[in-house]
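Single-structure report; data block below.
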Amino acid sequence: MRLPTLDRTDARLLGWTLLAKVAVLAIGILGMLAATGSFGDLLAPWHRWDAPHYTDVAVWGYVANDPGTLTYPGYSQVYPGDLDLYIVFFPLYPWLVGAVTAVLGQPILAAFIVTTAASLVVAPVTYRLIAADLGHRVGLWGAGFLLVFPTAYFLHIGYTEALFLALSFGALWLARTERWWAAATLGALAGMARVNGLVLIPTLAIEAWLQWRKTRRVGPAQVVAIGAAGVGFLVYLGVNVAVYGDPFAFREIQHDHWYKELDWPWVGIAGMVESIGRRDPDDAFMLGWMELAFTALGLVATVAGAFRFRPTWTAWMAGNWLLIVGTGFVMSVPRYSLVLFGIMAWAALAADRWRAVGWVLAAASLTAMAYFAWRFATGLWAF
């Protein structure tokens, strides 16, 4: 298989990615200055909420009992005693961070390096995925909209978003361009990175069916690629067995500590509506209105896309949307919506037809991203 080469479009997208990364880091510096009166560590504003969970696993691995006294030179637990709860976080990202930490000895920096490497792939592969069906200009707009999506700052900090998008979007594009063995490899890795990787199974099955209708051939690579994400998920279940002796140990922890279990979408949506009535205006805005707004945005993009986009896209969008909201306690929908690239494709189609509308959408999205990134950097909840 001939590897794709970088062209002028890739160079432009990499430049946009680096520009966004610098802007996010600058917001972090200013946020820390506003919160503490000093600049401090460049990466410190971003090492909060879920980020320390990944670095803890990277340093000490998964454990069944955390004594709360674990030590590592130059690094300490943000939440001592909680490491035994982190089995709910899939292993690929913390394993990669752990590998870099073994070389550098700095877990937070290692997480930033892994995220940065993945983030440089995200925009080019998003462009290729969208352009394969909608053309160069729409693909370019779509990748640009992803980089300024209101929660796109997660592509630059110690979270799994950049890695998962690079792997899953890459698998979708490789399958679309009939490079099924490569798609299988990325699919298996995606299944080790996030539970959303399982959505690749029906998605790639539909892609294989679309190609079969033209060629009337199904090869072993397609069969392997369809099941590859399941293999990655089996690795995660194996980690559960190794740590707790139970492949489904994560379910009880997910339920008891994070209050999550599979449920009908309307149950979680009802919880968002209930949050709108909270006395705290900030909670009402962030846990109510914003969660509900992005839930609606994803649903509209998915349903409308079923009449406009490739069936593969609809399977990916619908599967992820249902996974995001199909829980009794819905949180972080704006962040999880980064996987719903159909949202960006719709914005790109509008921008391609009406240039002024595109720039207005981009400016509004960028403003929202700056606001949410500022909140996160200053210690406020931001998905």
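The values are calculated or read from the model by the stated rules, or taken from the named source; none is laboratory data. Please read these numbers as outputs of a predicted model, since none were measured by experiment. Heads up, the Cβs are rebuilt from the backbone with ideal geometry, glycines too, and the neighbour counts pull from every protein chain shown. Ligands, DNA and RNA are excluded from the accessible area calculation, which covers all protein heavy atoms including side chains. Shrake-Rupley method; radii C 1.70, N 1.55, O 1.52, S 1.80 Å.
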*Keeping to segment 63-119, report how many residues are in contact (Cβ under 8 Å) with a residue 60 or more places away in the chain and either exposed (fewer than 14 other Cβ atoms within 10 Å of the Cβ) or small (Gly, Ala, Ser) (or both).*
3
*asked:* Being within 25 Å of residue 136 (Cβ to Cβ) and not charged (D, E, K, R) is the requirement here; does residue 298 meet it?
replied: no
*Subset tally (residues that are open to solvent by less than 20 Å² (accessible area, probe 1.4 Å) and out of contact with any Lys or Arg (no Cβ under 8 Å at 6 or more places or on another chain)) for segment 316-342*: 17
*Just a yes or no: is a residue in segment 283-296 in contact with a strand residue (DSSP E or B) (Cβ under 8 Å, 6 or more places away or on another chain), more than 25 Å from residue 186 (Cα to Cα), acidic (Asp, Glu) and at pLDDT below 95?*
no
*What are the pairs, 6+ residues apart or on separate chains, where a residue within segment 227-238 that is part of a helix (DSSP H, G or I) has its Cβ under 6 Å from a residue that is surrounded by fewer than 15 Cβ atoms within 10 Å (Cβ to Cβ) and not aromatic (Phe, Trp, Tyr)?*
none
*Could you tell me which numbered condition residue 161 fails, if it satisfies all but one of (1) open to solvent by 30 Å² or more (accessible area, probe 1.4 Å); (2) acidic (Asp, Glu); (3) in contact with a helix residue (DSSP H, G or I) (Cβ under 7 Å, 6 or more places away or on another chain)?*
(1)
*Inside segment 9-29, can you point out the residues that are of a type in the set (Val, Ile, Thr) and without any contact (Cβ under 8 Å) to a residue 24 or more places away in the chain?*
22, 29
*Got a number for residues in segment 176-194 being free of Cβ contacts under 8 Å to residues at least 60 places away in the same chain and among the hydrophobic types (A, V, I, L, M, F, W, C)?*
6
*Would you check if there is a residue in segment 216-238 being on the phi > 0 side of the Ramachandran plot and open to solvent by 60 Å² or more (accessible area, probe 1.4 Å)?*
yes
*Looking only at segment 212-226, which residues are in a loop (DSSP other than H, G, I, E, B) and either among the basic types (Lys, Arg) or touching a strand residue (DSSP E or B) at 6+ places or on another chain (Cβ under 9 Å) (or both)?*
216, 217
*For residues that are outside any loop (DSSP other than H, G, I, E, B) and touching a residue at least 40 places away in the same chain (Cβ under 8 Å), scanning just segment 31-43, find the one that is farthest from residue 81 (Cα to Cα).*
34
*asked:* surrounded by fewer than 21 Cβ atoms within 10 Å (Cβ to Cβ) and either under 18 Å from the mean Cα position of the chain (by Cα) or without any contact (Cβ under 8 Å) to a residue 40 or more places away in the chain (or both): is that true of residue 349 in this structure?
replied: no
*Scan segment 242-277 for residues that are open to solvent by 70 Å² or more (accessible area, probe 1.4 Å), in a helix (DSSP H, G or I) and not acidic (Asp, Glu) and jot them down.*
242, 244, 251, 255, 257, 266, 273
